[in-house]
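Report on the structure given below.
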Amino acid sequence: MHLRTRRAGVALTALGAALAMVAFGDASRAAHHTSPAAAATPRTAAAEVTELRAGEGHDLTERSCTICHSVEYIPANAPAMDRAAWQKTIQKMKDRFGAPITDEEAKQILDYLAANYSGKSG
Amino acid sequence: MLTRREALLAAAGLVAAGARAEESPPAGASGGGELLAALPGKKPLIQRAFRPPNFETPLADLVPLYTENAVFFVRYHLPVIPQVETASWQLQIGGPSAQSPLSLSLRELKSSFPHVSLAAVNQCSGNRRGLFSPRVPGVQWASGAIGNALWTGVRLRDVLRKAGVAASAIEVVFNGADTPVLPGTPDFLKSLPIDRALDENTLIAFEMNGQPLPHWNGAPARLIVPGWTGTYWMKHLTDIRVVPAAFDGYWMKSAYRIPTGAFPTARFVSQETPETTPITEMLVNSLITSPAPAARLRRGEPAQLTGKAWDAGSGIAAVEVSVDARRSWHEATLGHDLGRFAWREFQLPLDTSRAGPLEIAVRARSRNGAAQPETLTFNAAGYHDNRVQTVRVEVS
């Protein structure tokens, strides 16, 4: 898999918790205070740990996709994807989910995903 | 073997990846290394996605008859998930085909209607999507987007009757408190046919296994649609609308659909087109919980095959097991019957007197005669994988 750890070392835990706050808003804050189990096991806290492959279009792709979702979906789906499937997915994100990207940006994202995350066999 | 990612994370103390690796579904089934991580209030689960949160229950946690709340799988479509304030929460019941719209606090919901408790399997429509061949896009679940719980609440039909269901009612539409980030993203709304909404087993639940619903499983109240896949079990329920026409939201018209006529499940006539129709009931299916894939059994020591079998509410008639690569089949012993919507435990002693590989296959049969097939009915969304499961172990 094309995964790397973005944040290694002790800072990881704190960053993970901070990210959870951002991602889940009040939910995370409230649950954090009322959950001794969570407080006792901060080292296994859920966090975004996937980083996309470096390459032309990386920043635009990450910026566009993470408005709504973490990037694990991309490598996780790579085995089911090729250029045509990514084209369909990007179009769906734009047309059905309201992703605020121009046609030119959509093309750059497609080039990046097709080049780096096309794992469909046969 | 740890992947590089897992090794790095383990070194950072973030996950006990290695400790539980063998409890995870087989490698290759889901596209690589798996990360075990805990949401606030949950035990570590297999992190399929962080945001929106999609977390799968490890196989070892599916051994108990009732799946513990802290390990029950988590599935969301939208990233904004508010912590609902129980004290101020109001459930709105209305719509064009409701004659007397009303609003209920949690206290009123609990005190106005008889309470019902029911054991039922909640299985994500996409459970086992990651095992599809060829692979299909979507959350790459292995076999753990499922759990069995005792749900306590009130009957939806009692609430709907108080709202006065008009003769024009065709569907009932449900909304929960979760919302999208972007204005252009369709909110997650689902509908049920009016007859399924009025079924005595469809509940608005506020308890799960005797405890208030956990946040990540829909607090303070969620829909329970026994026999139907999890997509209809709306979490953090806020609005119920009785409507005189097919609801045309994205999550009904464009998502969660299967080819029309491809599966022997309940029809959803108002939403059906010649090509596609909404997924509805679960198919008869089973899961081997022990031994784990690739386990080593000690020669001459007692060993048990155990697992769970379920369907959409007919109940399980029999579970057959083969330990010789499907040459012969033996009937397993069924465990306690918790009710027709719950899963049923099965077990069979394994013969460990001879060293060598065992290829274990399990097939469940429903009381309605349906049995698990050997082949997958391929569909683009990756639903309804109820193929006979095979687990290979070694006696040595």
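Readers should treat all values here as calculations from the given coordinates under stated rules, not as data from a laboratory. These numbers were taken from a predicted model, which means no experiment stands behind them. All Cβ positions, glycine included, derive from the backbone under ideal geometry; neighbour counts span all protein chains shown.
Would you work out which of B:Q271, B:V71, B:N122 lies farthest towards the positive end of the dipole of the protein assembly as shown, given +1 charges on the beta-carbon of Lys and Arg and -1 on that of Asp and Glu, about the Cα centre?
B:V71
Label-point separation (nm) for B:R392 and B:Q99, each offset 7 Å from Cα along Cα-to-Cβ?
With each label point 7 Å from Cα toward Cβ, the separation is 6.5 nm.
Can you compute the modelled spin-label distance between A:S118 and B:T375, with each label point 7 Å from Cα toward Cβ, in nm?
Taking the two extended label points, one gets 3.1 nm.
Among rounded, prolate and oblate, which fits the protein assembly as shown when a ≥ b ≥ c are the square roots of the eigenvalues of its C-alpha gyration tensor, a/c under 1.5 means rounded, and a/b larger than b/c means prolate?
rounded
Under 5 Å between amide H atoms, partner at least 5 residues away or on a different chain: which partners does B:L297 have, H built in plane at 1.01 Å?
The list, which skips near neighbours in sequence, is B:E394, B:V395, B:S396.
Given the C-alpha atoms of the stretch B:183-287, compute the convex hull and give its volume per residue in Å³.
Given the Cα convex hull of the stretch B:183-287, per-residue volume reads 143 Å³.
Taking 25 Å as R0, compute the FRET efficiency from the Cβ-Cβ separation of A:H58 and A:T102 and round it to 0.05.
With a Förster radius of 25 Å, E is 0.90.
What is the distance, in nm, between label points placed 7 Å from the Cα along the Cα-to-Cβ direction at B:V63 and at A:D82?
So the label points at B:V63 and A:D82 sit 4.4 nm apart.
For chain B, with a Gaussian network of springs between Cα atoms less than 10 Å apart, report the residue from B:V181, B:V319, B:V116 with the top mean-square fluctuation.
B:V181
Cα atoms only: what Rg and Dmax, in Å, come out for chain B?
21.4, 70
For the protein assembly as shown, what does the helix formula give at 222 nm: sum of -39500 (n - 2.57) over DSSP H segments with n ≥ 4, over the residue count, nearest 500 deg cm²/dmol?
Computed ellipticity for the protein assembly as shown at 222 nm equals -5000 deg cm²/dmol.
Determine the sum of side-chain charges near B:P52: Lys and Arg each +1, Asp and Glu each -1, restricted to other residues whose C-beta is under 9 angstrom from that of B:P52.
+1
In sequence order, what are the phi-derived ³J(HN,Hα) couplings for the stretch B:370-383 according to the Karplus relation 6.51 cos²θ - 1.76 cosθ + 1.60 with θ = phi - 60°, rounded to whole Hz, with x for glycine and proline?
5, 10, 5, x, 8, 10, 7, 8, 4, 8, 5, 8, x, 9
If I take R0 = 25 Å and measure r between the Cβ atoms of B:H330 and B:T260 in this structure, what FRET efficiency does the formula 1/(1 + (r/R0)^6) give, to the nearest 0.05?
It comes out at approximately 0.10.
Quick one: dipole size for the stretch B:33-76, taken about the Cα centre, charges +1 on Lys/Arg Cβ and -1 on Asp/Glu Cβ, in debye to the nearest 20.
With Lys and Arg at +1 and Asp and Glu at -1, about 200 debye.
Which entries in the list A:K120/B:K42; A:K94/B:K253; A:K92/B:K190; B:K42/B:K235; B:K162/B:K190; B:K43/B:K110 go over 24 Å, if you measure between the two C-alpha atoms of each?
The pairs that break the limit, which is 24 Å between Cα atoms, are A:K120/B:K42; B:K43/B:K110.
Can you give the longest run of chain B that contains no trypsin sites (Lys or Arg not before Pro) sitting in a DSSP loop with at most 14 other Cβ atoms inside 10 Å?
The longest such stretch corresponds to B:1-266.
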